[in-house]
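Q: Can you keep this structure in mind? I'll have questions shortly.
The values are calculated or read from the model by the stated rules, or taken from the named source; none is laboratory data. Note that the structure is predicted; figures quoted are calculated from it, not measured. Note that each Cβ is placed from the backbone with ideal geometry, even for glycine, and that neighbours are counted across all protein chains shown. Side chains are part of the model used for accessible areas, which takes the heavy atoms of the whole protein and leaves out ligands, DNA and RNA. Shrake-Rupley method; radii C 1.70, N 1.55, O 1.52, S 1.80 Å.
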Amino acid sequence: MEVRTRFAPSPTGFMHIGNLRTALYAYLYAKANGGKFIVRIEDTDQGRYVEGAVDVIFNTLKQAGIEYDEGPGKEAAPYSYVQSERKEIYKSFAEELIRLGGAYYCFCKGRDMTDGGTVKYDKRCLRLSKEEIRRKLESGESYVVRQNIPETDGVSSYHDLVYGEISVAYKDMEDAILLKSDGMPTYNFANVVDDHLMRISHVIRGNEYLSSTPKYNLLYDAFGWERPQYIHLPPIMKDKERKLSKRYGDANFDDFVKKGYLPEAIVNYIALLGWSPKNNEEMLSMDELIHLFSIDGVSISPAIFDEAKLRWLNGNYIKKMTVPEFVSAAKPFLDASKIGGKYDYSLLAPLLIPRVEILSEIPSLVDFLEEFGEYDLSLFNHQKMKTDASVALKAIEAALPAIEKMGKWDMTELHDILLSKAEETGLKKGQMLWSFRIAITGRASTPGGATEMAELLGKDETIRRLAFSLDLLKKSL
């Protein structure tokens with residue numbers, strides 16, 4: 001049997017982390033087993049449709065490196081993978097299901113159509129005679145099609161590859177609507193028909209569908225179709241009590257990319273939310289994920305989304321980047337900073353790569369290159385090196401004249417001058433370098449050391465800033 005999995009999102013907005021994990025696991029399982037991964041758009045609920053959401057889905061999959069074998073936009077597709085374009089298919093299958101006794105026409109309106117909650121629909125339309133049904137249909141009376149749940153004390157059971165045996169009693173199921181009055185199917189019906197027609201072998205989705213799967217299986221059974229195998233996934237939690245929820249704006253893939261997380265780091269982290277590789281490695285490429293992925297590594301325990309862990313992982317990905325790779329990824333954040341377009345980003349990259357965990361940190365690390373003015377002189381205080389404003393005054397007074405006399409702006413020579421002047425004035429090396437760095441940046445945190453910052457600023461700007469800081473120190477002491 002060929003393994004065929006699917007990702008079937010509704011185009012209702014951004015790609016939530018939970019949805020992306022479902023897509024990722026379906027993709028990994030298919031590829032790990034030499035199968036195919038299918039994408040289907042479930043857009044039958046037109047009231048929730050968000051303009052542009054389909055593009056978001058496919059852009060996210062592309063950024064995440066999840067390539068689908070069949071779906072919208074693929075050449076030679078055997079059928080449409082957009083549910084709203086398959087309306088007549090669902091209608092014909094609904095009519096066949098009625099003939100098979102697995103469903104029935106329902107003409108009830110308003111309160112008589114009660115579905116869910118504590119009051120179940122009473123099956124009154126199931127008892128209509130064939131003549132009454134024919135007459136209502138011919139007169140154009142509005143109707144829905146309902147699933148016919150058996151009126152016995154039995155149960156519907158199935159085996160889930162993660163959660164094991166699952167059973168739900170018939171008495172706890174509802175004669176859910178399968179085909180709405182506008183002719184559109186509900187999720188309850190469309191996903192079963194499509195999974196059958198698209199030969200989906202393994203249905204992978206969130207565990208919120210554990211208890212509704214038995215009623216889907218009754219549809220498979222009524223048609224005489226083979227059931228797929230099921231893999232339900234544990235929830236992703238915000239904390240121990242709350243799920244991540246797009247309702248509350250939690251964790252959309254696009255939001256993390258905009259924050260400066262790398263798509264490959266996000267995908268790597270999401271893969272570990274509910275699944276553990278046998279080798280216990282944490283940094284895994286897509287090829288490695290495919291090679292290692294197996295269902296026996298999927299947990300039934302909820303996974304806690306830990307952004308600090310994602311941040312750490314992202315930082316490790318950044319540290320492995322080459323300068324050109326970093327410049328390409330960081331360019332939007334550098335362009336948006338106060339130094340945008342004014343410096344050679346390839347000179348900044350080696351300084352930023354070891355110090356950045358997420359790319360959105362970049363502006364705060366580089367803005368000092370264009371932003372310099374009065375600053376808090378307590379920045380000179382360093383308890384370990386016993387440095388303060390008075391020590392800084394002594395250091396800058398000694399170093400500035402020698403720096404002004406420099407010809408070529410050479411960082412080795414600058415470093416030698418600073419150490420020589422430290423020795424002449426009885427200062428320690430660290431006291432001189434700390435004082436110099438604060439004096440030319442006005443920051444306690446910079447993407448590099450004293451001479452690295454001076455190299456970026458250039459001789460004239462370094463001297464200007466030293467003179468400014470010297471004047472600031474003299475006025476305060």
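Q: Under 8 Å for C-alpha pairs, at least 6 residues apart: give me the relative contact order for the range 1-143, rounded to a whole percent.
A: Numbers: 149 pairs, mean separation 28.7, N = 143.
It rounds to 20 percent for the range 1-143.
Q: Using unit Cβ charges (K, R positive; D, E negative) and no other charged atoms, how large, in debye to the nearest 20, is the dipole of the chain about its Cα centre? Working shown, then result.
A: Details: 62 positive and 70 negative charges, 129 e Å.
Dipole magnitude for the chain comes out near 620 debye.
Q: Let me ask something else. Per residue of the range 299-308, what does 6.51 cos²θ - 1.76 cosθ + 1.60 with θ = phi - 60° give for ³J(HN,Hα)? Whole Hz please, x for Gly and Pro, Karplus curve as stated.
A: Working through the residues one at a time gives 8, 8, 7, x, 9, 8, 7, 10, 5, 4 Hz.
Q: Near the amide H of Leu427, under 5 Å away, which other amide H atoms are found, from residues 5 or more places off or on another chain, if H is placed in the peptide plane?
A: none
Q: Follow-up. Any idea what the dipole of the range 393-469 comes to, in debye rounded to 20, about its Cα centre with Lys/Arg Cβ at +1 and Asp/Glu Cβ at -1? Show your work: numbers first, answer last.
A: On the way: 11 positive and 11 negative charges, 53 e Å.
Using Cβ point charges on Lys, Arg, Asp and Glu, the range 393-469 gives about 260 debye.
Q: Also, I was wondering about something else. List the relative contact order of the chain as a percent without decimals, with contacts defined as Cα pairs under 8 Å and 6+ residues apart. It would help to have the intermediate numbers written out before the result.
A: On the way: 702 pairs, mean separation 58.3, N = 477.
Relative contact order here is 12 percent.
Q: Rank these residues by their accessible area, most exposed first, probe 1.4 Å: Arg4, Arg443. It would help to have the intermediate numbers written out before the result.
A: Working: Arg4 5, Arg443 50 Å².
From most accessible down to least: Arg443, Arg4.
Q: Calculate how steeply helix 53-64 sits against the longest principal axis of the alpha-carbon atoms of the chain, using the helix alpha-carbon long axis, and give the answer as 0 to 90 degrees to the nearest 10.
A: The angle comes out at about 60 degrees.
Q: If you don't mind, another one. Treating cross-link reach as a plain straight distance, find the lysines whose alpha-carbon is under 20 Å from the alpha-carbon of Lys171, omitting any fewer than eight places away in the same chain.
A: Lys120, Lys123, Lys215
Q: Can you list, largest first and rounded to whole Å, the semi-axes you get for the range 278-416 by taking the square root of 5 times each eigenvalue of its Cα gyration tensor?
A: Working: eigenvalues 362, 79, 47 Å².
Working from the Cα gyration tensor, I get semi-axes of 43, 20, 15 Å.
Q: How big is the accessible area of Glu455 in square angstrom, nearest 10, if you roll a 1.4 angstrom probe over the protein chains?
A: So the heavy atoms of Glu455 present about 110 Å² to solvent.
Q: Another question, then. Could you rank the peptides 363-372, 428-437, 381-390 by their average count of other C-beta atoms within 10 Å per residue, with the highest value first? Don't skip to the end; give the middle numbers.
A: On the way: 363-372: 17.1, 428-437: 21.5, 381-390: 14.5.
Going from most to least packed, we get 428-437, 363-372, 381-390.
Q: Of (i) 24.8, 75; (ii) 21.2, 67; (iii) 32.2, 110, which is the value of Rg and Dmax of the Cα atoms in Å derived from the coordinates here?
A: Looking at Rg and Dmax of the Cα atoms in Å for this model, the match is (iii).
Q: By average Cβ neighbour count within 10 Å, what is the ranking of 325-335, 309-319 from highest down? Let's see the in-between values first.
A: Working: 325-335: 17.0, 309-319: 18.6.
Ranked from most to least packed, the peptides come out as 309-319, 325-335.
Q: Tell me, what HN-Hα J-couplings in whole Hz come from the Karplus equation 6.51 cos²θ - 1.76 cosθ + 1.60 at θ = phi - 60° for each residue of the range 24-35, using x for Gly and Pro?
A: So the J values, rounded to whole Hz, are 4, 5, 5, 5, 4, 5, 4, 5, 5, 10, x, x.
Q: Where both residues lie in the chain, what percent of DSSP beta bridges are antiparallel, nearest 5? Walk me through the intermediate numbers first.
A: Numbers: 17 of 31 bridges.
Restricted to the chain, the bridges split so that about 55 percent are antiparallel.
Q: Filter Lys74/Lys238; Lys342/Lys408; Lys331/Lys405 down to the pairs with a C-alpha to C-alpha distance above 29 Å, please.
A: Violating the 29 Å Cα-Cα cut-off are Lys74/Lys238; Lys331/Lys405.
Q: Taking Cα pairs under 8 Å and at least six residues apart, what relative contact order does the range 250-332 come out at, in percent?
A: Working: 45 pairs, mean separation 27.7, N = 83.
33 percent.
Q: Helix-only estimate, please: 222 nm mean residue ellipticity of the chain, summing -39500 (n - 2.57) across DSSP H runs of length 4 or more and dividing by its residues, to the nearest 500. Please list the in-between numbers first.
A: On the way: 18 runs with 205 residues, N = 477.
One gets -13000 deg cm²/dmol as the mean residue ellipticity at 222 nm.
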